[in-house]
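Below is one structure, written out as structure tokens; comments come after it.
The values are calculated or read from the model by the stated rules, or taken from the named source; none is laboratory data. As the structure is a prediction and not an experimental result, all values here were calculated from the model. A quick note on method: Cβ atoms are made from the backbone with ideal geometry, for glycine too, and the neighbour counts reach across all protein chains shown.
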Amino acid sequence: MIPNKKGVMDDFTDLLSFVLILSLLTFFAWVILRTDTGEREDQTLERIESLRGQEALLDLINSPALLQGKEVSMKEVIIAAVNADDEDIFTEKMQAYFEEKQIEGGVGVYDSVSYGAEEEPTPLLSYEVIIFNEAVIARGKERGALYLTNTDGVGNKKSLVVKLFT
Amino acid sequence: MIFALAFAVLSPVEFGVKPKGNWQLDFLHYNFVEGEKQLADTDGIAMQVGRKTILSLAEKGGFATASSCGSAGKINYWNKGQDFCFLNVDGEVNKEFNSLYKRYDPAASFTVSRQGKELIGKSAKEILLGQRNPQYYALNSGFRVNPDYNFDEYFVLQDLAKKLVNECKSADNLQDCLDKVKPSYWKFSSCENEQFTEEEQKVVFCVESPQKYAVFQHGQSVPVEYMLGLDFGTN
């Protein structure tokens with residue numbers, strides 16, 4: 001009886017060790033071969049979207065516009081509107097651009113001092129697409145931002161930040 | 001076994017599948033796009049300074065500094081008797097542009113050349129993005145802008161100036177002679193309030209751009225007007 005009992009105990013210990021080793025191997029395989037591809041793909045797509053936002057901002061500031069009968073770039077329109085404190089011309093040109101490109105979102109122009117110092121700086125100029133019921137689309141995520149030097153700017157307006165929103 | 005388990009749980013090393021294209025996206029985001037943003041700003045400054053250069057040179061008869069034929073205030077004389085101080089247009093544009101650009105970036109230095117209506121600036125300075133360790137991304141900080149103005153207009157004006165001096169240098173009545181010979185866009189003293197004045201046979205002109213060039217400045221279209229002096233003396 002005694003030798004038989006010892007044999008059963010040995011078999012049981014072997015089984016327990018086998019299960020333990022198998023569990024650990026499964027755990028390691030799960031950790032190492034974790035294939036959460038969906039999450040990773042989302043991260044990549046998000047970064048590509050962010051890049052597109054930056055490109056959209058570059059396209060916006062470099063796009064041509066007519067001002068005082070002269071063909072200028074949109075960055076010159078922005079600078080001229082800031083210097084003249086002319087929200088109307090800024091809105092007119094931005095509206096034309098957003099309608100032509102059929103994009104939604106908005107643009108904010110800040111002085112770089114306030115932009116760097118304040119959490120929610122007040123824009124010098126801003127434009128947002130207005131939908132049919134005249135409700136302004138809530139200012140969304142920042143798609144891109146860049147600095148522009150304003151050679152005619154006075155005080156804080158010497159350096160501007162242009163931000164594009166979704 | 002316990003160590004291996006602890007390593008897997010506590011290690012900052014991320015196992016498994018990593019996001020695709022991380023290096024490429026980092027490169028585009030931190031180098032290419034950042035570089036394009038800086039170049040867009042450089043182009044913007046160059047365009048604004050280019051326009052200031054056009055107006056500033058026109059105000060001084062095309063000379064960045066005083067003319068060797070003499071000057072009175074901002075007015076530079078184009079000739080001294082029979083000798084003309086020919087403009088080195090490219091040299092003057094280069095000098096004036098760099099002098100104005102240094103107000104915004106004292107370290108900047110460009111070799112500015114012209115191609116039709118375009119201004120082209122080349123610089124040895126690089127826009128360096130990232131660390132030089134061991135790879136880095138650098139851009140030439142040059143520019144190419146079109147302020148919609150051709151500096152060749154100075155050559156047209158120089159030819160006309162020589163004609164005026166040749167035809168009126170020995171005239172009994174200088175004003176009558178000039179009235180007959182000069183084109184209507186050459187005005188005496190001022191483009192707004194024309195008035196003939198002569199001092200030691202020297203006459204100051206305000207010349208409206210023959211091509212009707214105007215430059216976008218301070219949100220306005222500013223006409224290009226050249227201020228210059230001519231010496232009708234025979235000495």
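Points to keep in mind about this one:
- Out of B:LYS18, B:LYS52, B:LYS60, sole residue that is of a type in the set (D, E, K, R) and more than 8 Å from every other protein chain (Cβ to nearest Cβ): B:LYS60
- Qualifying residue in the stretch B:155-177 (condition: touching a strand residue (DSSP E or B) at 6+ places or on another chain (Cβ under 9 Å) and either aromatic (Phe, Trp, Tyr) or closer than 26 Å to A:ASN150 by Cβ (or both)): no
- Hits in the stretch A:58-86 - residues which are more than 8 Å from every other protein chain (Cβ to nearest Cβ), part of a helix (DSSP H, G or I) and closer than 14 Å to B:GLY44 by Cβ: A:LEU60, A:MET74, A:VAL77, A:ILE78, A:VAL82
- When each of A:ALA135, A:ALA29 is tested for being within 12 Å of chain B (Cβ to nearest Cβ) and either modelled with pLDDT under 90 or within 20 Å of A:LYS163 (Cβ to Cβ) (or both), the lone residue that passes is A:ALA29.
- The lone criterion from (1) within 14 Å of chain A (Cβ to nearest Cβ); (2) crowded, with 16+ Cβ neighbours inside 10 Å left unmet by B:GLN220 is number (2).
- Taken over the stretch B:203-213, the residue count meeting the criterion of being surrounded by fewer than 19 Cβ atoms within 10 Å (Cβ to Cβ) and either among the charged types (D, E, K, R) or touching a strand residue (DSSP E or B) at 6+ places or on another chain (Cβ under 6 Å) (or both) is 2.
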